[in-house]
1. Among the residues that make up segment 257-277, is at least one of them at pLDDT 95 or above, in a helix (DSSP H, G or I), open to solvent by 20 Å² or more (accessible area, probe 1.4 Å) and out of contact with any strand residue (DSSP E or B) (no Cβ under 8 Å at 6 or more places or on another chain)?
2. Determine if segment 48-57 includes at least one residue that is more than 25 Å from SER191 (Cα to Cα), aromatic (Phe, Trp, Tyr) and buried (at least 20 other Cβ atoms within 10 Å of the Cβ).
3. Return the residue satisfying two criteria in turn: it lies in segment 2-15 and is within 20 Å of the chain's Cα centre (by Cα) and surrounded by fewer than 24 Cβ atoms within 10 Å (Cβ to Cβ), and of such residues it is farthest from LYS49 (Cα to Cα).
4. Report, ordered by the first and then the second residue, all pairs with beta carbons closer than 7 Å, sequence separation of six or more or different chains, a first member in segment 124-149 that is touching a residue at least 24 places away in the same chain (Cβ under 8 Å), and a second member that is of a type in the set (Lys, Arg) and surrounded by 14 or more Cβ atoms within 10 Å (Cβ to Cβ).
5. Just for strands (runs of 3 or more DSSP E) wholly inside segment 105-222: which have at least 2 residues that are more than 20 Å from the chain's Cα centre (by Cα), modelled with pLDDT under 95 and not small (Gly, Ala, Ser)?
6. Tell me whether segment 170-182 contains one or more residues that are in contact with a helix residue (DSSP H, G or I) (Cβ under 7 Å, 6 or more places away or on another chain), open to solvent by 60 Å² or more (accessible area, probe 1.4 Å), closer than 25 Å to GLY10 by Cα and among the aromatic types (Phe, Trp, Tyr).
7. Kindly establish whether TYR302 is touching a Ser or Thr at 6+ places or on another chain (Cβ under 9 Å), part of a helix (DSSP H, G or I) and open to solvent by 10 Å² or more (accessible area, probe 1.4 Å).
8. For ALA247, are the conditions met, namely being part of a helix (DSSP H, G or I), in contact with a helix residue (DSSP H, G or I) (Cβ under 9 Å, 6 or more places away or on another chain) and crowded, with 22+ Cβ neighbours inside 10 Å?
Amino acid sequence: MAGIKIIGLGKSQGDKVVTNDDLAQIVDTSDQWVRAKTGIKSRYFAENKTNEDMAFEAASQAIENAGIDRKEIAMCIVCTFTPDDYTPAVACNVAGRLGLLEQIQAYDINGACSGFIYGCNLANGLLACQQEKYALVIGSEKISPLMDMTDRGTCVLFGDGAGAAVLKYDPAADFVFYAGCAANKEILYCSRQDKAIKMAGQEVYRFAVSKVPECIKAVLDEAGYTDKEIDHFVCHQANERIIDNAARRISKDTDKFFKNLYDYGNTSAASIPIALCEMEEQGLLHAGSKLVCTGFGAGLTYGCMLVTFCPGSGASG
């Protein structure tokens, strides 16, 4: 196999911590109810940061972590459904602030909560034609302004943040991608008219508990690996019960399924790269770690990838 590997990670988050008790002051909910239904304890809201600010902070950390020359970055892809402006893209603004070369590709993609997985696959295809270069893929979301704070079914779920990865193409790397779109605009959406997230929670749950194991099994089969040969499974951090359900159906070693939604909530396209960055900071990742990452969200999109973590391998290959 050939494809991308992750060589650097970074993250950022909103500037205000919002606990379940804080939300209970403005909507009919409680800390006990939110934890029981989702596992979430708190989340970050970006009161004084833009989407661009968080994307820039996460990207800066990822580039430093990778130890590469910024001039060697060939593309900047921001995965988001919450851009600050219709145009220009968040990616263009971030590329400018980072001081990347003018001769790069910079654009946003909207795959909802599957966005980071889609962005990595896009970078994989592009880097196959520029194997000596690097890709910067960022998942960044400022969701708090799009929440109906009177709807306890949605406003307790989401948070603001960004995660970034520097990717390198390696002819010897293990990279497998699987994805799809079960087209549906009724059970999870955010329209320009309402500008508030609407969700049929039970329908989304049924979709997720079906598609997450399907995706993981498809990727493992394509790669020729068993769950025992995977170091970590990193699912979109939307709901603890969804992750636990998938873990039971995939592996006896359910501890391989990382969870950090407790402190971040659902950060959509940012959730997987934020989780990966936290895993590195906690010492859970090592050179050569094999990761299976799975996203699912509005669209209804789903996507999964097998990728290897090779920290700081930019200079040496």
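1. Within segment 257-277 (the criterion being at pLDDT 95 or above, in a helix (DSSP H, G or I), open to solvent by 20 Å² or more (accessible area, probe 1.4 Å) and out of contact with any strand residue (DSSP E or B) (no Cβ under 8 Å at 6 or more places or on another chain)), the answer is no, since none of the residues qualifies.
2. yes
3. LYS5
4. If the second residue must be of a type in the set (Lys, Arg) and surrounded by 14 or more Cβ atoms within 10 Å (Cβ to Cβ), the pairs left are LEU127/LYS133; TYR134/LYS168.
5. Here the list is empty.
6. Yes, segment 170-182 contains at least one residue that is in contact with a helix residue (DSSP H, G or I) (Cβ under 7 Å, 6 or more places away or on another chain), open to solvent by 60 Å² or more (accessible area, probe 1.4 Å), closer than 25 Å to GLY10 by Cα and among the aromatic types (Phe, Trp, Tyr).
7. Taking the combined requirement at face value, the residue does not satisfy it.
8. Values: part of a helix (DSSP H, G or I): yes; in contact with a helix residue (DSSP H, G or I) (Cβ under 9 Å, 6 or more places away or on another chain): yes; crowded, with 22+ Cβ neighbours inside 10 Å: yes.
Answer is yes for this residue.
The values are calculated or read from the model by the stated rules, or taken from the named source; none is laboratory data. Keep in mind it's a predicted model, so treat the numbers as computed, not measured. Neighbour counts run over all protein chains shown; Cβ positions are idealised from the backbone, glycine included. The accessibility values were calculated without ligands, DNA or RNA, using every heavy atom of the protein model including side chains. Shrake-Rupley method; radii C 1.70, N 1.55, O 1.52, S 1.80 Å.
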